[in-house]
Amino acid sequence: MVDASKIAELLEVVAQGIAIHDRENPGHHTWGIGMAYFDVERLGLEEGEEILPGVVLQVDGGPTGQFRVLCDGDHDDETLEEEEELVDAVADQEVVLRPEALPPRPAGRSTR
């Protein structure tokens, strides 16, 4: 059996994480917490267990020692938009470097 203080600490940190997520993403509904299988087993919890009201524990294969807030919102749209902007900015500019414009290599270094 895991020490009750460890579970209490986990629940406090999870509740804080959910509160931060919900404050930053008011249109998203949090429904779960994702944790690595190792952490779920180590803490003596079970996948599908409701750890807070309306919040279910899911094994998601993420890194150990961390948890992820699972919600119905789509965070990938924001990331994709930022990536598209970056790609467009880079794609609009052409850079041509001539070998003579490159700085000389330090002595003793191979060109391969």
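The values are calculated or read from the model by the stated rules, or taken from the named source; none is laboratory data. Quick caveat: nothing in here was measured; it's all calculated off a predicted structure. Quick reminder, even Gly has a Cβ in these numbers, built from the backbone with ideal geometry, and neighbours come from all protein chains shown.
Would it be correct to say that THR30 is among the hydroxyl-bearing types (Ser, Thr, Tyr) and under 13 Å from the mean Cα position of the chain (by Cα)? Walk me through it before giving the result.
Details: among the hydroxyl-bearing types (Ser, Thr, Tyr): yes; under 13 Å from the mean Cα position of the chain (by Cα): no.
So THR30 fails the test.
Does at least one position in the range 90-102 carry a residue that is modelled with pLDDT of 90 or more, surrounded by fewer than 10 Cβ atoms within 10 Å (Cβ to Cβ) and in a helix (DSSP H, G or I)? Working first, answer last.
Our first condition is that a residue be modelled with pLDDT of 90 or more; within the range 90-102, this holds for none.
Scanning the range 90-102, I find no residue that is modelled with pLDDT of 90 or more, surrounded by fewer than 10 Cβ atoms within 10 Å (Cβ to Cβ) and in a helix (DSSP H, G or I), so the answer is no.
Would it be correct to say that VAL2 is modelled with pLDDT under 90 and not in a strand (DSSP E or B)?
Numbers: modelled with pLDDT under 90: yes; not in a strand (DSSP E or B): yes.
Yes; evaluated as a whole, the condition is true for this residue.
Is there a residue in the range 53-62 that is part of a helix (DSSP H, G or I) and more than 19 Å from GLY73 (Cα to Cα)? Full working, then the answer.
As a first pass, look at the range 53-62 and keep what is part of a helix (DSSP H, G or I): none.
Checked the range 53-62: no residue is part of a helix (DSSP H, G or I) and more than 19 Å from GLY73 (Cα to Cα).
Filter the range 1-41 for residues that are exposed (fewer than 12 other Cβ atoms within 10 Å of the Cβ) and acidic (Asp, Glu) and give the result.
ASP3, GLU9, GLU12, GLU24
Give the residue that is surrounded by the fewest Cβ atoms within 10 Å (Cβ to Cβ), with candidates limited to residues of the range 56-71 that are touching a Gly at 6+ places or on another chain (Cβ under 6 Å) and among the aliphatic types (A, V, I, L, M).
Going through the qualifying residues, I end up with VAL56.
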